[in-house]
Structure formats: C-alpha cells, structure tokens
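The values are calculated or read from the model by the stated rules, or taken from the named source; none is laboratory data. Computed from a prediction, not measured in an experiment: that's the story for all the values here. Neighbour counts run over all protein chains shown; Cβ positions are idealised from the backbone, glycine included.
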Amino acid sequence: MIAILDYGVGNLFSLKSSFAVIGAEAIVTGAADDLRSADKIILPGVGAFEDAAKKLKKSGLDQVLIAEAGKGKPLLGICLGMQLLFERSYEYGEHEGLGLIPGVIRPIADVIPKDYKIPHIGWNALQLARPEAPIFKYTKDGDYVYFVHSYYAADCDASVIAKTEYGAPLTAAAACGNVYGCQFHPEKSGVAGLNILRAFCETEA
Amino acid sequence: MITKRIIPCLDVKNGRVVKGVNFEGLKDVSSPVELAKYYSACGADELVFYDITASAEGRDLFTDILCETASNVFIPLTVGGGIHSLADFDRVLKCGADKVSVNSGAIEHPELIAEAAKRYGDQCVVLSADIKRVDGVFRVFAKGGRVNTGMDAIEWLKRGVASGAGEIVVNSMDTDGVKHGFDLELLAAVCEAVSVPVIASGGAGCIEDFITLFTALPKVDAGLAASIFHFGEVRIMDLKQEMNRKGIPARV
C-alpha cells in the first residue's frame, strides 16, 4: 500500500487517481501510523517551502518520514515535496529541509537567462543522467513531463538522475538510495508521468 | 527545451460539451470525459473546461464531470466560467482542476486575483480577458464579451499580473470566429507588458496560423482554440509535427 501524505499542502485528487489507473493501492493520509505501515510513501506539495516545512515539523511527520526513509522504505517527493527532501532552501530566507538528499534549493533566476519567464511552466524534456535509476525503468531520454516551479535543487550533482534544459540545466529528478524526488508533476505528465509512478511502485525496499 | 503548448477549450453546459464534435472512434461526442480522454491521447498539452451553465443543477453536473475527467486524464486541467469567489476556486480545485481561470469575476472583484494567488499560489490563477479595439484602443469586455468595461486592456492585464495572476489568456474578440489568424498586434502588446506566460486565443483557422503565431511572437507560450479542433479541421498531432518541422518546439 502506498501512503500519499496529506499535510494540508496542495490538491491530492489527481495523484490518488493516477495510482488508481496504474492499479496501485494508494491512500491519502495524514496519520503517522499509516506512513509506518505503508510499503511506500509519496510526499507531495505545492506552494511555499517555509510554510510546508513548518507544517511537517509541527505535526511531527518530518521525523516519521526521516525514520521510515532510514529503514529503507521507498519515498518519492513531488515538486515542492521533492525540494523538502534536501538540506535547506533559500526561498524567501533560509529554511531547513528533511536532509534526506544532500543539496540545497535555490531560485532558478540565479542560473537562467534574464529573458526566460519565471516560473518554469510547461512540458519539458527529461535528459536522463542515470537511465538505470529504478524510477526510470519505463522512461526514455527525451520523454516530456510537466513542470511548474521557480526554485530548483542545486549542489546535488551526485544525486541528480535527470535534468531538463531551461536556458540552463535544471535538476528534474534526484535519488539518494531509496529516496527519490521529481521536480515535475508525474501525475500531470500523461503516459510519461504514469510510467514513472509505475516504476516507483515496483521499486524494492 | 520548453515546448509551446497546444490547448483545446471545451465549452460545457449542463455537463455536456456544447459544440458539435465528430471523431472516428469517439462514441459519445458530447461527453466531456470522453472528449478529454481523446484529446489527451491525441497530444493536447492541457485542457480548458469552460462552464457556461447558468443553473445551480448545471454547476453540480459540471463538478461531477470534472471529477470524472481528473480521475481519467493526467494532463493539466484549467477550469473557467462562473468563477466569482474563493469558494468557486475551492469547488473546482477539489474536483481535480489544476488552474482556475477568472474573467468577469475578477473585473467585478479585482481583489479575487490576489486572494486566490495567496491561498493557492500564482501558478493556479489564470487571468483571462476578452479584448476588443474601440476607437483604436484595446478595451476589456465583461460578461462573455457583451459589456465594454472601458478599461484599457494592457493596463488591466498588468494589474492582474502584479496582483498574482500566473498566466494570461488573451482572447481577441476582433479575430475570434474569423479564422484568419491570431491577433498578433494585441498579443505583441501583451507580451511586451507582462512577464508571465501568455496564452493566445481567438482566430486560429489552420495549422499555418499557429506557425505564424509562434514564429512572429516567440514570447507567446501557448495557443488555445476550440472549434477547429472539435470539428477536426486541425488535428493536434499534425499541428505539432508541423511545428517541429518549422523549428518550433512541441511535445510529440
């Protein structure tokens, strides 16, 4: 069973539906016990890093996520949920993340050309840095996925498994052992996105 | 490289798609769910559902079909029509919409843009405007294009973006329905004025109109159309392949 963590950040309707169509049993839950009993965990999220990090901390779910990931349970962070996996973010100040993947979150404005629009919204191609990564079992280099973000994961070269080009190479997906992150929305990326969720469902603890 | 988006727009009334559609292999041509699945499979990058229902019963039917669509179609969904309050945002977001498009609702209550952006994020708020030239000036029209607000369109859109609108849909009433191409003059003025993604609407009649749009105005991010897709005059895959042939990035 897959636990989609509901901590009051974002809309989980499509995410839950996407697991239903690939035939995986998923529940939307905010309960620590559900995270402990789940085979795999999804950490979603949209909005501001600080607000989301505070919500995780206040509920104590941050420690549960760290403990479960530490036991080797597959964890997938999506969009802001991916950013939360890193050590810290420089979105409006400096805020601590879960520290499960080495690296930091910085504004894409630091690296992209001035005439590029922010946020980076739309379908962009994956450049697979590590095609052998388990979540890319059904993914081809060049597959298009849907992005909406203004910040990106930096200083994380060892963990980057895919990049995307937006005037500069940006981290599209990262992995550190059993902890995975997608900057894009697999639940909004058509068949290419469902393929990544399916592969995550098949990863071994 | 980020691709240019192609977006079909479906007008929905009492839970059914209004404009007639006839595709091979599509059993129920007025089912929004079936049509959304069809477009998603054909390569649409995003879908817009525009609710033109007037009654409360129709509104409930709309949210039902929205839920069913979002359970089956995994590309971004934008919902517009009848959005006048945060409660309206909530109603459609809960059913799986990713973005909400405001038009007359934002003209009546301009603070709605900032309130919604604060609660749901800029990326969720799409400001859509019906624009027409009046004595050589671009003016914003309300109530589905029936009422001239007298507002300068470019100023209105700049104000909307400053308030938190994350995307702009520019619907030119001068070119809409004419099928002689998008309103390049208006779109150029909007692209010059705002820094957020701009979606062009109104006037597409053939594939070449999209090629002209993206070639003449590289800052335009997406092209939206309804009837030419619904009546099969333009097939989305043909359009995207032609875009790629012309060096315009498209997801195929």
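Side notes on the structure shown:
- Some residue of the range A:131-151 being aromatic (F, W, Y), surrounded by 19 or more Cβ atoms within 10 Å (Cβ to Cβ) and more than 14 Å from chain B (Cβ to nearest Cβ): yes
- Of all residues in the range B:106-123, exactly one satisfies the criterion of being outside any helix (DSSP H, G or I) and within 14 Å of chain A (Cβ to nearest Cβ), namely B:G121.
- Each residue in the range A:9-41 was checked for being away from chain B (no Cβ under 12 Å), under 17 Å from the mean Cα position of the chain (by Cα) and surrounded by fewer than 20 Cβ atoms within 10 Å (Cβ to Cβ), and 1 of them qualify.
- Taken together, the criteria place B:F214 among residues that are assigned to a helix (DSSP H, G or I) and surrounded by 15 or more Cβ atoms within 10 Å (Cβ to Cβ).
- When the criteria are applied in full, A:Y152 meets the requirement of being within 23 Å of A:L98 (Cβ to Cβ), outside any loop (DSSP other than H, G, I, E, B) and in contact with a helix residue (DSSP H, G or I) (Cβ under 6 Å, 6 or more places away or on another chain).
- Scanning the range A:42-52 for residues that are within 21 Å of B:K118 (Cβ to Cβ) and either away from every other protein chain (no Cβ under 14 Å) or not acidic (D, E) (or both) gives A:P44, A:G45, A:V46, A:G47, A:A48, A:F49, A:A52.
- One residue stands out in the range B:70-81 among those that are under 14 Å from the mean Cα position of the chain (by Cα) and in a loop (DSSP other than H, G, I, E, B): the one that is nearest to B:I6 (Cα to Cα), namely B:P76.
- Of all residues making up the range B:179-202, the number that are surrounded by fewer than 23 Cβ atoms within 10 Å (Cβ to Cβ) and away from every other protein chain (no Cβ under 14 Å): 7
- Among residues of the range A:24-45 that are closer than 14 Å to A:L75 by Cβ, those with a Cβ under 8 angstrom from a residue that is assigned to a strand (DSSP E or B) and polar (S, T, N, Q), sequence gap 6+ or separate chain, pair up as A:L35/A:T29.
- Restricting the range B:161-178 to residues that are more than 16 Å from the chain's Cα centre (by Cα) and more than 14 Å from chain A (Cβ to nearest Cβ), the residue that is modelled with the lowest pLDDT is B:V178.
- Here A:D115 passes the criteria (1) loosely packed, with under 15 Cβ neighbours inside 10 Å; (2) at pLDDT 95 or above except the one numbered (2).
- Exclusive hit being away from chain A (no Cβ under 14 Å), more than 18 Å from the chain's Cα centre (by Cα) and over 23 Å from B:S104 (Cβ atoms), set B:I211, B:I248: B:I211
- Among the residues of the range B:178-199, the ones that are more than 16 Å from B:A165 (Cβ to Cβ) and outside any helix (DSSP H, G or I) come to 6 in all.
- Looking across the range B:125-153, the residues that are crowded, with 19+ Cβ neighbours inside 10 Å and either among the polar types (S, T, N, Q) or touching a Phe, Trp or Tyr at 6+ places or on another chain (Cβ under 8 Å) (or both) come down to B:S128, B:A129, B:D130, B:I131, B:K132, B:V140, B:A153.
- Residues in the range B:87-105 that are within 18 Å of the chain's Cα centre (by Cα) and within 14 Å of another protein chain (Cβ to nearest Cβ): B:F89, B:V92, B:L93, B:G96, B:A97, B:D98, B:K99, B:V100.
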